[in-house]
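Peer 1: Structure incoming, see below.
The values are calculated or read from the model by the stated rules, or taken from the named source; none is laboratory data. Values in this document were obtained by computation on a predicted structure and should not be read as measured data. Neighbour counts are summed over all protein chains in view; Cβ atoms, including those assigned to glycine, are modelled from backbone coordinates with ideal geometry. What goes into the accessible areas is simple: the full protein's heavy atoms, side chains included, and nothing from ligands, DNA or RNA. Shrake-Rupley method; radii C 1.70, N 1.55, O 1.52, S 1.80 Å.
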Amino acid sequence: IAGSVMDADRAANPPHRRRVRGAMRTSDVPVCIDGAQLEGGGQVVRVAMACSAVNRRATTVTDVRAGRPNPGLAAQHLAGVELLAALCDGTLRA
């Protein structure tokens with residue numbers, strides 16, 4: 001949101017001066033998630049994309065629904081990801 005407290009904080013604390021408790025900030029390194037692990041369903045995609053939006057970090061999810069009869073993103077998962085990308089001014093790559 002333009003003009004928000006978050007924007008003012010970002011202006012006052014450029015990325016090279018911000019601190020993250022207990023860890024080095026690596027926002028330029030994408031988070032990679034294997035979508036075939038555990039239940040390997042659409043929930044993995046939904047949670048990964050929500051975390052990506054909140055943390056403003058690039059996220060890659062591979063092998064989504066790999067163990068299912070129809071692997072890959074189902075139409076409803078893709079629609080949710082596209083909506084989130086539009087709301088957050090994000091980009092999607094196949």
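Peer 1: Spin-label point model (7 Å from Cα, Cβ direction): what's the R93 to R56 distance in nm?
Peer 2: Each label point lies 7 Å from its Cα, and together they span 2.0 nm.
Peer 1: Ignoring ligands, DNA and RNA, what accessible area per residue does the range 46-93 give at 1.4 Å, in Å²?
Peer 2: 72
Peer 1: When the accessible area of the range 25-94 is computed with all protein chains present and a 1.4 Å probe, what percentage of it is carbon and sulfur?
Peer 2: Taking all protein chains in place, the range 25-94 shows 56 percent carbon and sulfur surface.
Peer 1: For T60, what residues show an amide H to amide H distance below 5 Å, using hydrogens built from the backbone and excluding near sequence neighbours?
Peer 2: For T60, the qualifying residues are V31, C32, I33.
Peer 1: Right, something else. Which order do peptides 75-86, 37-48 fall in by mean Cβ count within 10 Å, highest first?
Peer 2: Packing order, densest peptide first, comes out as 37-48, 75-86.
Peer 1: All other residues with a Cβ under 12 Å from the Cβ of L78 taken together, and with Lys, Arg as +1 and Asp, Glu as -1, what is their net charge?
Peer 2: Once positives and negatives cancel, what remains is +1.
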